[in-house]
Amino acid sequence: MNTAEEPTTAAVDAEALSALSAGHHARSVRSLAARSVAGHLVKPYLLRAPGRNATEADGEAALRIAAGHLATARLRGSLGLAVLLFHAGGDGDHVLVHTRIEGHMSDLAVFAGPAGDPAALRPGRTGLAPCVWEAAVLAHERDAFTRNVLDGGGTIDERLSAWSADVLEGEVR
């Protein structure tokens, strides 16, 4: 028995999609220097919605949150590489810690809370995934990891140096 249906626009929420489209805009992203945190090499990013600010202090607060998560990451198969996003979003602040783990897999932790209150950030609800702007940064990082570490040449130190320098700057859509 074939239960597949013909694709149809009746299956989507056209009104909600139109509203998303009308409100879609670019967001700025900038990287901070890669550093060691809780036994991991971490590439941090600041991402911000229009009208919001993402500062070095926000990045430092995000790194403190990441340190707590990364302290036990080896138990989840971590290989010691992570990407950190602090997102000053339109609906509050978010911190994402994306860790490379064994078997070509990754681990993602999302923390969410009110704008401008890093101490109030808590683990996001089960199933919470990156928004379109966060996913754009993570897509760049997936490609940078593949290009520089998995397919790169030279020693592991040379590959990690190339990965650390391969950052996304400017705007994401």
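Readers should treat all values here as calculations from the given coordinates under stated rules, not as data from a laboratory. Note that this is a predicted model, so its numbers are computed, not measured. Glycine also receives a Cβ, built like all others from the backbone with ideal geometry; neighbour counts cover every protein chain displayed.
Shown here is the pair-distance distribution of the chain: with all Cα-Cα distances grouped in 5 Å bins from zero up to the longest one, the shares run 1, 8, 16, 19, 19, 13, 9, 7, 5, 3, 1, 0 percent. In the chain, the longest principal axis of the Cα atoms and the axis of helix 14-23 are about 50 degrees apart. Ordering ILE65, ILE156 from the fewest to the most neighbouring beta carbons within 10 Å gives ILE156, ILE65.
Rounded to the nearest 500, the 222 nm mean residue ellipticity of the chain from helices alone is -9000 deg cm²/dmol, with -39,500 (n - 2.57) taken per DSSP H run of at least 4 residues. A simple spin-label model places the labels of ALA115 and GLU5 3.8 nm from each other, with each point 7 Å out along Cα-to-Cβ. Electrostatic tally near HIS98: other residues with Cβ closer than 10 Å to its Cβ, Lys and Arg +1, Asp and Glu -1, net 0.
Between ARG147 and ASP13, residue separation times 0.36 nm minus the direct Cα-Cα distance comes to 44.5 nm. Net charge of the neighbourhood of ILE65, taken over other residues with C-beta under 14 Å away and scored Lys/Arg +1, Asp/Glu -1, is -2. In plain terms, the chain from HIS25 to ASP107 could stretch by 26.7 nm, reckoned as 0.36 nm per residue minus the Cα-Cα distance. Note on the stretch 75-173: semi-axes of the ellipsoid equivalent to its C-alpha gyration tensor, largest first and rounded to whole Å, are 26, 16, 11. Taking the Cα centroid of the stretch 1-45 and of the stretch 100-173, what is the distance between the two, rounded to the nearest whole Å? Each part's Cα centre sits 13 Å from the other's. If you bin all the Cα-Cα distances of the stretch 102-150 at 5 Å, starting from zero, the percentages per bin are 5, 16, 19, 22, 18, 10, 8, 2.
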